[in-house]
Structures are given as C-alpha cells and as structure tokens.
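This report refers to the structure that appears directly beneath it.
Rule-based calculations on the coordinates, nothing more; no lab input. As the structure is a computational prediction, the values presented were derived from the model and not from experiment. Neighbour counts are summed over all protein chains in view; Cβ atoms, including those assigned to glycine, are modelled from backbone coordinates with ideal geometry.
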Amino acid sequence: MFGQPRWFRPKKSGWGIVPVTWQGNLYTIVWICAIAFPFALLVRRHQPLPLEAGIWLTTACGLLAYDVRQILRSLRGSTAAASNAVAAAGQRDDNVLYILDSQPGQPVATRNFNLQVRG
C-alpha cells in the first residue's frame, strides 16, 4: 500500500476515498500523473491499435483500485475498533465498583484500601 489511511476518509456516498491532508492530495496527483502521462505517450505513437496504451491503463487502474481497497479496509478496521471501544465503554460491568454509585458517608472497600465518599 502506497497511501496512508490517515491521509484519507471514506466517501460519504459511493465507493472510494477522499484526501484530507496535503499528503493525500499529493498522492492523488501522483497517481493521476502516473496513469495519464504514460497513457498519453503511448497513444501519441499513432499505432493502428493502441494495445500498449490499453494494457497500461488497465494495469495502472487495477493497481490504484487495489491500493484504494487496502486503504478502505484499514480505515474501516480502525473505525470498527473505535466503535467497539465506545460500545464497550458504555456497557456496565457489575464487577466494577463505581464511586458515584455509593451513598455519601458509606464506606467503600477494596482489597488494598478502605475508602469513604465525601458527602
């Protein structure tokens, strides 16, 4: 993968990514030039069937699609992990003593400390 996931965000509609940093914009410009410049040179050779240009275009676009897919996978994995962490933080564990659950003046004991909540 050439692009870094932190340079992009997923598109709101459709498939793909949108650059959010200058590195993402540079990545996009480099890919456009890497695809278009050799394609234009191959087409300008004026051969009856620009087979090389078609092969270049297909291969370069395939590599770009593969790279974008890898970035999207990475972005979706990081957002899924973040949403799982948020969901886990929102769940209540009965084995955890929350200080705010105690009444003022009621002693709170742990294995190492005896605590009391101020009222």
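Calculate the spin-label point distance for Lys12 paired with Arg73, positioning each point 7 Å from the Cα along the beta-carbon direction, and give it in nanometres.
If labels sit at Arg73 and Lys12, their model points lie 2.8 nm apart.
Spin-label point model (7 Å from Cα, Cβ direction): what's the Thr21 to Gln47 distance in nm?
Taking the simple label geometry, Thr21 and Gln47 are separated by 4.0 nm.
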